[in-house]
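The values are calculated or read from the model by the stated rules, or taken from the named source; none is laboratory data. Here the structure is a predicted model, which is why all the values come from computation and not from measurement. Every residue, glycine among them, receives a Cβ derived from its backbone with ideal geometry; neighbour counts consider all protein chains shown.
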Amino acid sequence: MNFRCDVRPGDEQHVRRMVASSGFFRLDEIPVAVELVEEALRKGAASGYSFVFAEEEGRPLGYACFGLIPCTLSSFDLYWIVVEQECRGRGIGRDLMMRVEEAVRESGGRRVYIETSTRDQYAPTRHFYERCGYAKVAELPDFYADGDGKAVFCRQLD
């Protein structure tokens, strides 16, 4: 497994494929993930979006997108972390998370926040965050839709 942090032309299609394959995101959410890649390609670091891609034989199998939360000095959001459905269980998500945290530390970050759904479908996602050392710090009922709240996780980095 190789990891890279640069965003390249063509990553838009890779991100679209990975997010669609995950089975977790609605059709209207997929273009949002792609937009962040396009923004990073257009503006570079000025976009505020950083990426880590996990690749095998040149093919991206997972990725994470993160950035400094505007108007904070050391708090970062993990916007997306996705591993292709057929590649789950190989530790790719954990490796991506470790690389995100390392990059956040190198940027002077002290905290990483993650938002996710409270629907039952997302129970494995929430469990993954907890296994990675994140604690649920907030829950907003009916945030995304009736019966679909938002859970906020945070990890204080050493």
Of the listed residues (Glu56, Glu101), the one being surrounded by fewer than 17 Cβ atoms within 10 Å (Cβ to Cβ) and at negative phi is Glu56
For region 107-135, enumerate the residues that are more than 15 Å from the chain's Cα centre (by Cα), basic (Lys, Arg) and within 21 Å of Phe25 (Cβ to Cβ). Arg119
Considering region 3-44, residues that are out of contact with any helix residue (DSSP H, G or I) (no Cβ under 9 Å at 6 or more places or on another chain) and closer than 16 Å to Val100 by Cβ, and then whichever is surrounded by the most Cβ atoms within 10 Å (Cβ to Cβ), we arrive at Arg4
Which one is farthest from Thr72 (Cα to Cα) among residues in region 32-53 that are under 15 Å from the mean Cα position of the chain (by Cα) and not hydrophobic (A, V, I, L, M, F, W, C)? Glu35
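Inside region 32-49, can you point out the residues that are in a helix (DSSP H, G or I) and either more than 16 Å from Met18 (Cβ to Cβ) or among the basic types (Lys, Arg) (or both)?
Going residue by residue through region 32-49, those that are in a helix (DSSP H, G or I) are 32-47.
Of everything in region 32-49, those that are in a helix (DSSP H, G or I) and either more than 16 Å from Met18 (Cβ to Cβ) or among the basic types (Lys, Arg) (or both) turn out to be Glu39, Leu41, Arg42, Lys43, Gly44, Ala45, Ala46, Ser47.
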Among the candidates Arg110, Arg42, which residue alone is of a type in the set (Lys, Arg), modelled with pLDDT of 95 or more and in contact with a strand residue (DSSP E or B) (Cβ under 9 Å, 6 or more places away or on another chain)? Arg110
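Just checking, how many residues over region 99-150 are part of a strand (DSSP E or B), under 13 Å from Leu78 (Cβ atoms) and of a type in the set (A, V, I, L, M, F, W, C)? Let's see the steps before the verdict.
Within region 99-150, the subset part of a strand (DSSP E or B) is 111-117, 135-145, 148-150.
Filter again for under 13 Å from Leu78 (Cβ atoms), leaving 111-116.
If we keep only those that are of a type in the set (A, V, I, L, M, F, W, C) as well, we get 112, 114.
Number of matching residues: 2.
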Could you grab the pairs with beta carbons closer than 7 Å, sequence gap of 6+ or different chains, first residue in region 84-98 and surrounded by 13 or more Cβ atoms within 10 Å (Cβ to Cβ), second one of a type in the set (Ser, Thr, Tyr) and assigned to a helix (DSSP H, G or I)? Glu84/Ser21
Among the residues of region 106-122, is any in contact with a Cys (Cβ under 8 Å, 6 or more places away or on another chain), charged (D, E, K, R), surrounded by fewer than 17 Cβ atoms within 10 Å (Cβ to Cβ) and over 30 Å from Arg59 (Cβ atoms)? yes
Return the pairs, sorted by first residue and then second, in which the second residue is polar (S, T, N, Q) and part of a strand (DSSP E or B), the first residue lies in region 108-133 and is in contact (Cβ under 8 Å) with a residue 24 or more places away in the chain, the beta carbons are less than 6 Å apart, and the residues are 6+ apart or on different chains. Arg111/Ser75; Arg111/Gln156; Tyr122/Thr116; Thr125/Thr116
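Could you check how many residues of region 50-77 are over 20 Å from Arg88 (Cα atoms) and assigned to a strand (DSSP E or B)? Step through it out loud before you land on a result.
First pass over region 50-77, keeping only residues over 20 Å from Arg88 (Cα atoms): 50, 66-77.
Next, only the ones that are assigned to a strand (DSSP E or B) stay: 50, 66-68, 75-77.
Result for region 50-77: 7.
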Cβ-Cβ under 8 Å, sequence separation 6+ or interchain: first residue in region 136-158 and under 19 Å from Leu68 (Cα atoms), partner small (Gly, Ala, Ser). Which pairs? Val152/Ala138; Phe153/Ala135; Cys154/Ala135; Arg155/Gly133; Arg155/Ala135; Leu157/Gly109
